[in-house]
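Below is one structure, written out as structure tokens; comments come after it.
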Amino acid sequence: MNIYDIAREANVSIATVSRVLNDSAKVRDITRQKVEAVLKNIIIFPAPSPEAW
């Protein structure tokens with residue numbers, strides 16, 4: 001999932017997702033909550049290191 005998918009899921013702009021990720025004060029609380037709710041549903045797996053191959 002990338003920033004475009006997060007924006008689509010939260011029904012906000014890509015710029016708004018970026019502002020939330022960068023902790024900008026320009027984002028309303030309700031909008032921040034929508035984006036954060038989508039972010040909490042994402043499971044992020046680190047890329048395997050080359051040594052693991």
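Taken together, the values in this text are just the output of simple stated rules run on the coordinates, not laboratory data. All values derive from a computational prediction rather than experimental measurement. All Cβ positions, glycine included, derive from the backbone under ideal geometry; neighbour counts span all protein chains shown.
How charged is the neighbourhood of residue 6? Take every other residue with its Cβ under 15 Å from the Cβ of residue 6, and add Lys/Arg as +1 and Asp/Glu as -1. The partial results should precede the final answer.
Details: positive: 8, 19, 32, 34, 40; negative: 5, 9, 36.
Once all neighbours under 15 Å are counted, the net charge is +2.
Model label points for residue 40 and residue 3, set 7 angstrom from Cα along the Cα-to-Cβ axis, are 2.4 nm apart.
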